Structure formats: structure tokens, C-alpha cells
Amino acid sequence: MRVGILGTGEVGKALGKAFVALGHEVKMGSREATNEKALAWAREAGRGASAGTFADAADFGEVIVLATLGAANRSVLEAAGPERLRGKLVIDATNPLDYARGFPPGLSVGHTDSGGEQAQRLLPGAFVVKAFNTVGHAHFFRPDFPGGPPDMFICGDDEGAKERVSGLLDEFGWGTVDLGGIESSRYLEAMCMVWVLHGARSGSWSHAFKLLRK
Ligand SMILES: NC(=O)c1ccc[n+]([C@@H]2O[C@H](COP(=O)([O-])OP(=O)(O)OC[C@H]3O[C@@H](n4cnc5c(N)ncnc54)[C@H](OP(=O)(O)O)[C@@H]3O)[C@@H](O)[C@H]2O)c1
């Protein structure tokens with residue numbers, strides 16, 4: 001499979017590396033084709049990894065990962081080109097974090113809208129699934145917790161796209177909990193703050209969510 005990663009931060013690098021490890025081809029996109037972080041990532045990731053612009057990555061990928069600063073999502077998706085993403089699965093790992101008042105950040109949108117819904121509105125022909133936004137990047141691939149595999153909470157409007165993400169999560173070493181349509185991003189983006197606040201208060205970032213059932 002060909003994967004286009006929009007974003008050169010820790011999330012883009014970790015997910016890109018995981019997809020390469022699973023034998024997929026990955027192109028990391030950024031504002032400039034000469035972005036040093038993207039080129040360095042591609043060199044280090046090796047066979048199957050490459051770098052280009054947001055538009056190059058959007059063209060390349062059968063599956064796209066949105067992994068940019070939440071506040072930049074609109075300009076990133078406009079640069080990627082909604083027409084290039086038509087009919088494709090777009091995994092949205094972003095959070096609309098607002099650092100105007102420092103740390104911990106607030107959310108720039110919530111209750112009545114969300115970053116996930118905004119991304120879906122910007123990409124009317126794509127299948128946006130919110131995933132990977134409620135845990136730190138260090139645990140994305142093959143998470144190792146004494147309590148067993150944690151659960152990734154996801155949402156999106158297209159059942160087939162969510163099934164695909166659930167299959168990928170299984171390969172990554174995660175259980176999946178589907179919370180419904182893309183509007184549930186309002187709660188998943190807030191849930192990111194639960195993960196962050198626990199980390200900040202405990203001074204440890206080695207935690208993940210799991211839904212206990214009986
Ligand atoms: N860090 C984590 O562990 C984690 C976990 C789950 C979810 N998330 C979420 O995932 C997203 C990515 O997080 P991150 O920590 O990897 O990186 P980040 O620092 O939040 O974002 C870095 C990416 O955003 C791009 N960017 C920044 N400002 C931009 C602008 N004005 N226009 C276009 N692109 C812009 C950067 O481009 P350049 O390369 O050009 O600088 C880079 O590709 C965020 O929304 C974050 O909330 C993070």
C-alpha cells in the first residue's frame with residue numbers, strides 16, 4: 001500500500017516509520033519539497049520511504065495521514081488539494097490545541113464542532129477517520145503495556161473506512177473502539193487532554209487508554 005503522510009513532526013515520523021516497517025511505501029509531505037526534517041526522515045527510514053510536498057504526498061498515497069499542527073490543518077489540506085484526496089481514507093491524528101495561554105493548552109474548537117469535522121468539511125470527497133490522537137507518538141506502534149494491548153478510540157462517517165483503520169490498528173498492536181460519526185471528534189479531541197494532563201501531573205508519559213468490559 002502507498003501511504004502519504006502530511007506532517008514532519010513526531011507523529012508523522014512515528015507513523016511513517018511504522019508503515020515502512022510493515023512493508024508499505026510512504027511519502028512524507030511538507031510545505032517545501034526540500035524540508036530537511038522530511039528528507040532526513042526518508043533517509044533514515046530507508047527503503048520505501050520518500051519525501052515531497054503536501055501535494056506530492058496526497059497524490060502518492062492511497063491512504064493519507066493528517067499529522068500537522070491542528071491550527072494549520074486548513075492550509076495544509078488546501079495545499080494537499082481536496083481533489084487529490086477524493087475517495088481516499090484520511091486518518092486524522094491531529095488535535096486543535098491552543099497554546100495562547102501556555103501549557104496545558106486548551107482546545108480552539110469543541111462542543112459544537114471539532115477539528116475532525118472541519119477536516120471532513122474541507123475534504124468532502126474523502127473518508128476522514130479520527131485516530132491516534134489520544135496517545136503519545138512513542139506508543140503508536142506495538143505498544144507494550146503490562147495490561148495488554150490498549151484501545152484506540154476512533155470515529156468517522158464511513159463504515160468501510162473505519163473497518164480499514166481497525167484492521168491497521170490491529171497490525172499496529174491496538175484494539176479499536178468505534179465511537180460513531182466524525183462529530184465524535186469533539187470528545188476524542190477533549191480526550192487527548194485527559195492523556196496530556198495525566199502526563200503533566202504524574203511526570204510520566206507511559207500511559208494509554210483501555211476500555212474494560214465484562
Ligand atoms: N506529539 C504527539 O505525541 C501527538 C500524539 C497524538 C496526536 N498529536 C497531534 O498530531 C499533530 C502533529 O503533532 P506533532 O507533535 O507531530 O507535530 P506539530 O509540532 O504539532 O506539527 C508539526 C507539523 O505541522 C506543520 N506546520 C506547523 N505550522 C504550519 C503551518 N503554519 N502551515 C503548514 N504546516 C505547518 C509542520 O511543518 P514544518 O515541517 O514545515 O515545520 C510539521 O509538519 C498535532 O495536531 C498534535 O496535536 C500529537
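The values are calculated or read from the model by the stated rules, or taken from the named source; none is laboratory data. Because the structure is predicted, anything quoted here is derived from the model rather than measured. Cβ: placed from backbone, ideal geometry, glycine included. Neighbour counts: every protein chain shown. For the accessible areas, the whole protein counts, side chains as well, though only heavy atoms, and no ligand, DNA or RNA atoms are used. Shrake-Rupley method; radii C 1.70, N 1.55, O 1.52, S 1.80 Å.
Numbers at a glance
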read-out: Share of carbon and sulfur in the accessible heavy-atom surface of region 42-154 [1.4 Å probe, %]; value: 52
read-out: Alpha-carbon Rg/Rh ratio, for region 129-190, with Rh computed the Kirkwood way; value: 0.96
read-out: Prolate/oblate/rounded label for region 90-210 (Cα gyration tensor, a/c 1.5); value: oblate
read-out: Distant alpha-carbon pairs in the chain (separation over 31 angstrom), percent; value: 13
read-out: Most fluctuating residue given options LYS13, LYS37, LYS130, as computed from a GNM of the chain linking Cα atoms under 10 Å; value: LYS37
read-out: Spin-label pair SER108/ALA71, simplified geometry with 7 Å Cα→Cβ offset, distance in nm; value: 0.6
read-out: Segment ARG31-HIS207, extension gain: residue separation times 0.36 nm, minus the distance between their alpha carbons; value: 60.1 nm
read-out: ³J(HN,Hα), Karplus 6.51/-1.76/1.60, whole Hz, each residue of region 60-67, x for Gly, Pro; value: 5, x, 7, 10, 10, 10, 8, 9
read-out: Alpha carbon convex hull of region 1-123, volume per residue in cubic angstrom; value: 104
read-out: Accessible area per residue in Å² at 1.4 Å probe, computed on region 1-158; value: 45
read-out: Amide H partners (placed H, <5 Å) of ASP157, local residues excluded; value: VAL128, ILE182
read-out: Paramagnetic reach from LYS214 in region 112-147 [backbone N under 15 Å; point 7 Å along Cα→Cβ]; value: none
read-out: Cα-Cα over 25 Å, subset of LYS13/LYS88; LYS27/LYS88; LYS17/LYS130; LYS17/LYS214; LYS27/LYS130; value: LYS17/LYS214
read-out: Residue-level accessible surface for ASP56, protein heavy atoms, 1.4 Å, Å²; value: 70
read-out: Cut-off under 5 Å, modelled amide H: who pairs with VAL177 long-range; value: MET152, PHE153, ILE154
